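Down below is the structure, laid out as structure tokens.
The values are calculated or read from the model by the stated rules, or taken from the named source; none is laboratory data. Keep in mind it's a predicted model, so treat the numbers as computed, not measured. Please note: Cβ atoms are built from the backbone with ideal geometry, for glycine as well, and neighbour counts cover all protein chains shown.
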Amino acid sequence: MFYSTEDAIQEGLDADYFTRERWLELRWIFKAQSKRALIRGHFNLASMFATQAQFYREALNAKEILKDIKAIYPTGTFTGA
């Protein structure tokens, strides 16, 4: 479970193949749980699940996201990842 975008990106950069495979499954599970919570009207729970799914997406795409961040902040003013 991730707690921030910066955390997800850093973990994503260091992850091995098996960890990334587990994250793919967890992302799918969080997306499904978010949809189920929305159907039941549990909006706070749905948003928590959706946020975790987003963090796993960011971890899985960490290299591309970090490249985009560096393009936006070329002078190194971004203190995240």
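Rundown of residues vs (1) among the polar types (S, T, N, Q); (2) in contact (Cβ under 8 Å) with a residue 12 or more places away in the chain, yes/no style:
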{"site": "K35", "(1), (2)": "no, no"}
{"site": "E58", "(1), (2)": "no, yes"}
{"site": "L66", "(1), (2)": "no, yes"}
{"site": "T75", "(1), (2)": "yes, no"}
> Within the stretch 10-28, which residues are surrounded by 14 or more Cβ atoms within 10 Å (Cβ to Cβ) and over 17 Å from K63 (Cα atoms)?
Replying inline: L26, R27
> Are any residues in the stretch 37-61 surrounded by 13 or more Cβ atoms within 10 Å (Cβ to Cβ) and of a type in the set (K, R), and if so, which ones?
Replying inline: R57
> Restricting to helices (runs of 4 or more DSSP H) lying wholly in the chain: which have 2 or more residues that are touching a helix residue (DSSP H, G or I) at 6+ places or on another chain (Cβ under 7 Å) and among the β-branched types (V, I, T)?
Replying inline: 5-14
> Taking D7 and the conditions (1) free of Cβ contacts under 8 Å to residues at least 40 places away in the same chain; (2) surrounded by fewer than 17 Cβ atoms within 10 Å (Cβ to Cβ), which numbered condition does it fall short on, given that it satisfies the others?
Replying inline: (1)
>> As an exercise: evaluate F2 against (1) buried (at least 18 other Cβ atoms within 10 Å of the Cβ); (2) more than 13 Å from the chain's Cα centre (by Cα) and give the number of the one condition it does not meet.
In response: (2)
> Looking at this structure, is G76 touching an Asp or Glu at 6+ places or on another chain (Cβ under 9 Å) and either surrounded by 12 or more Cβ atoms within 10 Å (Cβ to Cβ) or modelled with pLDDT under 90 (or both)?
Replying inline: no
